[in-house]
1. Arrange the following residues from fewest to most other Cβ atoms within 10 Å of their Cβ: VAL25, VAL34.
2. May I ask for the equivalent-ellipsoid semi-axes of segment 3-62, computed as the square root of five times each C-alpha gyration tensor eigenvalue and listed largest first in whole Å?
3. Assign unit charges at the C-beta atoms only (+1 for Lys and Arg, -1 for Asp and Glu), then state the dipole size of segment 3-62 relative to its Cα centre in Debye, rounded to the nearest 20.
4. Would you calculate the separation in nanometres between label points at LEU12 and ASP32, each defined as 7 Å from the Cα along the Cα-to-beta-carbon direction?
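Readers should treat all values here as calculations from the given coordinates under stated rules, not as data from a laboratory. Just so it is clear, the structure is predicted and the values come from calculations on it, not from any experiment. No Cβ is skipped: glycine too gets one built from the backbone with ideal geometry, and neighbour counts run over all protein chains shown.
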Amino acid sequence: MPEATRQDDLILLSRLRRRTNGMTVAQIAFQDGVTPAGIFGQFKKVIADDIAMSGEPEGTVRRGYW
């Protein structure tokens, strides 16, 4: 895996962990110095990938997210 992609994945994983620990997207964005829209876009991509991989109907899977 290219180093840039690996680093991006580690940053995203860190953000997701903070989100699941109760931080808001705005708080994470403020800490990381990026826009909330940018972080929310990253999270939406992860959610879409999870839904695609699960094989479950989208509405069923989305209820498991915040």
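1. Going from least to most buried by this count: VAL34, VAL25.
2. Sorted largest first and rounded, they come to 22, 15, 10 Å.
3. It comes to approximately 240 debye.
4. Taking the two extended label points, one gets 1.0 nm.
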